[in-house]
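> Before I ask anything, let me first share the structure, which is written out below as structure tokens.
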Amino acid sequence: MKLKILHFLLIYLPLIYCFAQSNQNIQIAIRDSITHNKADSIKENDILHLAKKNDLKATDTIIVTAGKKWRLLETPQSYSIITSEDWKGTNINIADLIAEQTGVQTRRYGGTGSFQSVSIRGIEGDKVLVLLDGIPLNSIMGEVFDLSLIDLNRLEEIELYKGITPAQFGGNSIGGVINLKSKSNLKTNTFNSFASIGAYGYKKIGIENLNFIYEKLKIFSSLTYIESKNNWPYLDRNNTPYNTTDDKIKELENHGYNFFEVRLHPSFYLKDNRIIYSAISYTNSDVGIPAVEGLENKTAKHGKKLILLNFRIPKNISAKENLVNFTPEFGFANLKDNIFWTSLDQSMGTNHGTISILPNSYGETNSDLYILSFSGITDLNFKKDLSAQASILAKHSQIKTWSNVVGFPQGDWPGNSQEISISSQIRYSLVLNLATTGICAGASIKGIRSATEGGENKVIEITVPKQDTFEFPWSVNGGINYTFKDKITAFINAARYSKIPDLREKYGQNGLILPNPALMQETGIAIEGGVKVSDKKYYAEAVLFRNQTKNEIVMLSDGIMIKPVNLASALTYGLEFLFSIQPANLMKLETRNTFQNSINCAHLYNYYGKKMPNQPMVSSVNIISFFLPYNITAKYWLDFKSPFFRDFANTLRVPEDEDLVGSFFHNALLCWNINKKFEISFSVRNFTNTSLRYEELIKSYESGYSWILYPKNEWCITVKYSF
């Protein structure tokens with residue numbers, strides 16, 4: 001019944017809306033249509049033409065923000081911007097999309113809807129700060145945020161900070177920042193509908209609506225539904241990779257995926273050109289957990305629900321000369337997580353050995369995470385050559401957990417955390433003729449209270465008492481930069497960061513992790529230096545970087561349980577190079593390359609000096625796009641990675657279908673804008689003869705899964721129509 005209602009809404013609402021669509025508000029439509037993606041090419045005459053065409057008065061307001069190239073150039077640090085044009089017409093997941101940027105690697109643990117994370121310059125995903133519309137999504141349990149919960153169709157833009165963490169995000173993140181920005185408007189008063197079908201039972205349908213209630217109020221809403229069978233074929237080596245006689249082609253089982261999301265974004269325009277943004281969204285995701293090679297899971301499922309609320313008033317972009325510009329934001333997030341399995345599942349960790357011998361037995365773990373956040377960012381413009389940014393961020397996190405596992409108890413202790421951070425950054429610029437020399441310095445201090453209600457560890461019969469701790473991580477950063485003719489920017493930056501142990505590491509877990517309240521803070525030092533060059537037809541960027549971490553927490557097993565200890569350390573250094581050129585209106589070329597060496601520096605089990613797993617020495621994404629007549633766009637991109645399947649003993653693992661050179665992933669897109677309202681796209685990712693499914697020898701602590709999957713020939717057809 002629910003599915004029938006959903007199909008009715010998606011099919012008939014657009015038709016109903018055609019007859020009920022209200023008049024457009026031209027003033028706000030024009031103001032919102034000039035987006036940052038196009039502002040590079042917009043001139044004053046273009047704006048006057050738009051105003052005349054839409055009968056705007058001289059007193060009407062048109063807001064134009066900086067274009068993508070200019071934003072990249074004026075930011076004197078490693079910084080990437082990913083816009084909706086980069087994933088248009090494809091079914092790429094968010095982690096793979098981010099990993100197409102320089103310095104980023106992805107960890108993909110399944111087909112559509114499976115767990116996704118990224119590492120930045122050798123730093124694992126649990127140390128990367130993830131924000132959605134200003135709301136921090138990182139768990140107090142220390143888990144990396146699962147990027148599969150965010151559908152790309154929801155987003156308008158992704159900002160990626162790989163080096164220095166700006167003050168507006170708290171100034172203290174060892175692994176960098178992924179800032180996700182939701183789509184909250186369309187070009188005009190429009191109703192969009194889209195539908196996709198693809199390989200392995202992939203289906204996606206959705207609608208978007210922008211409605212101007214009256215001159216000062218607009219409401220953006222959207223609804224998305226996705227499903228996939230994920231039943232793609234792969235080479236099953238039966239857990240004997242060196243014996244090919246028992247290999248066979250097998251179809252992935254128990255990996256079906258369902259996703260539903262609904263959003264509402266009201267925006268209210270104030271008299272001083274400020275806008276009050278608010279948003280509410282609900283996401284429900286459910287995916288089967290397939291077994292590792294040679295085993296079978298029949299019932300295992302992983303379900304997640306995410307509720308987000310936020311309210312913010314961005315700074316007044318038309319009042320840059322104001323001495324003080326304040327931007328407040330409030331956010332609320334509720335993430336529910338459920339893992340369920342039964343005695344029919346052969347690959348669900350330590351618990352399986354007990355429940356598999358008990359008929360009709362099952363295991364279930366649940367967590368309910370609440371995050372309440374506030375940020376206040378103040379921009380201070382003392383004079384043209386001196387400015388500063390100060391921010392205060394407060395966050396309350398609380399997690400409730402419960403489990404029902406037969407024979408082998410498992411589950412987190414309930415806990416909570418309160419943190420408040422104060423960060424600042426000051427910039428001084430010296431302008432001499434056509435050149436500008438800048439100096440910046442920043443610092444942050446954070447106070448964090450971590451508490452647990454404790455519990456009884458039934459496996460080793462110990463009691464974790466109720467307790468709390470106070471810690472004060474801090475960071476500092478500084479840099480110099482040089483800009484010439486608004487075309488060349490050179491910079492050198494350095495920073496020191498710290499991160500406190502999370503609740504699970506401090507207080508343990510029933511049946512799996514021992515407590516260790518004596519853990520020290522993890523620390524990191526980041527150094528980078530680079531050059532950015534921009535012109536009308538091209539953009540180039542080259543960055544040398546060095547990231548070193550110390551006192552990292554690693555999980556050591558005593559044969560029964562694991563214990564977190566400060567014994568890990570790593571060093572990653574290398575070169576990132578990006579070049580994009582559009583020699584003619586009909587063609588564009590882009591190459592993104594990362595050359596790096598990621599070394600294990602832990603004095604443990606002879607790990608010192610070994611290569612880090614999942615960190616290829618060479619990564620390269622090469623893109624060629626053609627803009628053909630009749631509004632047809634053709635795009636091909638090749639993703640190359642040198643061999644990276646290594647365990648912590650630096651044993652290089654190369655699948656049988658891959659030579660020692662590395663892995664090549666071929667991708668293509670064909671998009672036809674038939675008219676202003678109708679668009680059709682065809683894309684295919686990883687078109688090849690084989691699907692890659694490779695088992696890692698070391699189970700990933702950050703996710704709980706132990707496999708990486710690359711389905712072959714993930715084709716997708718998308719149709720979009722605007723009413």
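The values are calculated or read from the model by the stated rules, or taken from the named source; none is laboratory data. Because the structure is predicted, anything quoted here is derived from the model rather than measured. With ideal geometry, Cβ positions are generated from the backbone for all residues, glycine too; neighbour counts draw on all protein chains shown.
Here's the yes/no breakdown for (1) surrounded by fewer than 24 Cβ atoms within 10 Å (Cβ to Cβ); (2) touching a residue at least 24 places away in the same chain (Cβ under 8 Å); (3) closer than 25 Å to Ile513 by Cα:
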| position | (1), (2), (3) |
| --- | --- |
| Ser119 | no, yes, yes |
| Leu129 | yes, yes, yes |
| Asp146 | no, yes, yes |
| Asn153 | yes, yes, no |
| Ile158 | yes, yes, no |
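> What are the residues in region 367-378 that are under 30 Å from Val431 (Cα atoms) and buried (at least 20 other Cβ atoms within 10 Å of the Cβ), if any?
Across region 367-378, the qualifying residue is only Ile377.
> Within region 257-265, can one find any residue that is modelled with pLDDT of 75 or more, within 30 Å of Ser424 (Cα to Cα) and either aromatic (Phe, Trp, Tyr) or not in a helix (DSSP H, G or I) (or both)?
No, region 257-265 contains no residue that is modelled with pLDDT of 75 or more, within 30 Å of Ser424 (Cα to Cα) and either aromatic (Phe, Trp, Tyr) or not in a helix (DSSP H, G or I) (or both).
> Would you confirm whether any residue within region 651-658 is assigned to a strand (DSSP E or B) and either loosely packed, with under 15 Cβ neighbours inside 10 Å or at pLDDT 65 or above (or both)?
There is at least one residue in region 651-658 that is assigned to a strand (DSSP E or B) and either loosely packed, with under 15 Cβ neighbours inside 10 Å or at pLDDT 65 or above (or both).
> Of the residues Pro233, Pro166, only one is touching a residue at least 60 places away in the same chain (Cβ under 8 Å) and under 30 Å from Thr523 (Cα atoms); which?
Just a single option satisfies the conditions, and that option is Pro166.
Matching residues to (1) surrounded by 16 or more Cβ atoms within 10 Å (Cβ to Cβ); (2) among the polar types (S, T, N, Q); (3) in contact with a helix residue (DSSP H, G or I) (Cβ under 7 Å, 6 or more places away or on another chain); (4) modelled with pLDDT of 90 or more:
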site	(1), (2), (3), (4)
Lys383	no, no, no, no
Thr401	yes, yes, no, yes
Gln410	yes, yes, yes, no
Thr436	yes, yes, no, yes
Ile439	no, no, no, yes
Ser450	yes, yes, yes, yes
Glu456	no, no, no, no
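> I'm told Asn481 meets every condition in (1) surrounded by fewer than 17 Cβ atoms within 10 Å (Cβ to Cβ); (2) within 27 Å of Thr75 (Cβ to Cβ); (3) touching a Pro at 6+ places or on another chain (Cβ under 7 Å) except one. Can you identify the failing condition by its number?
Going through (1) surrounded by fewer than 17 Cβ atoms within 10 Å (Cβ to Cβ); (2) within 27 Å of Thr75 (Cβ to Cβ); (3) touching a Pro at 6+ places or on another chain (Cβ under 7 Å) one by one, Asn481 breaks only (1).
> Here is a further query. Look through region 236-256, keep the residues that are outside any loop (DSSP other than H, G, I, E, B) and without any contact (Cβ under 8 Å) to a residue 40 or more places away in the chain, and return whichever of them is farthest from Phe191 (Cα to Cα).
Top of the filtered list is Thr245.
> Now for a separate question. Hey, among Ile140, Ile98, Ile135, which residue is modelled with pLDDT of 90 or more, of a type in the set (A, V, I, L, M, F, W, C) and within 24 Å of Glu419 (Cα to Cα)?
Ile135
> Right, here's the next one. Pairs please, first residue from region 61-77 and modelled with pLDDT of 85 or more, second anywhere and part of a helix (DSSP H, G or I), Cβ atoms under 9 Å, 6+ apart in sequence or on different chains.
Listed by first residue and then by second, the contacts come to Lys68/Ala39; Lys68/Asp40; Lys69/Asp40; Trp70/Ala39; Trp70/Asp40.
> Related question: Does Ser620 fit the bill of being over 23 Å from Ile81 (Cα atoms), assigned to a strand (DSSP E or B) and of a type in the set (Gly, Ala, Ser)?
Judged against the criteria, Ser620 is not a match.
For (1) surrounded by 18 or more Cβ atoms within 10 Å (Cβ to Cβ); (2) of a type in the set (Asp, Glu), each residue gets a yes or a no:
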position: Lys536; (1), (2): no, no
position: Tyr539; (1), (2): yes, no
position: Gln548; (1), (2): no, no
position: Leu556; (1), (2): no, no
position: Ile562; (1), (2): no, no
position: Ala568; (1), (2): yes, no
position: Glu576; (1), (2): yes, yes
position: Phe579; (1), (2): no, no
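> To continue, here is another question. Are any of the residues in region 504-512 in a strand (DSSP E or B), over 28 Å from the mean Cα position of the chain (by Cα), touching a residue at least 60 places away in the same chain (Cβ under 8 Å) and closer than 30 Å to Val406 by Cβ?
Checking region 504-512: at least one residue is in a strand (DSSP E or B), over 28 Å from the mean Cα position of the chain (by Cα), touching a residue at least 60 places away in the same chain (Cβ under 8 Å) and closer than 30 Å to Val406 by Cβ.
> Additional query: Kindly indicate the residue of region 135-178 that is under 16 Å from Gln425 (Cβ atoms) and part of a strand (DSSP E or B) and also farthest from the chain's Cα centre (by Cα) among those meeting that condition.
Tyr161
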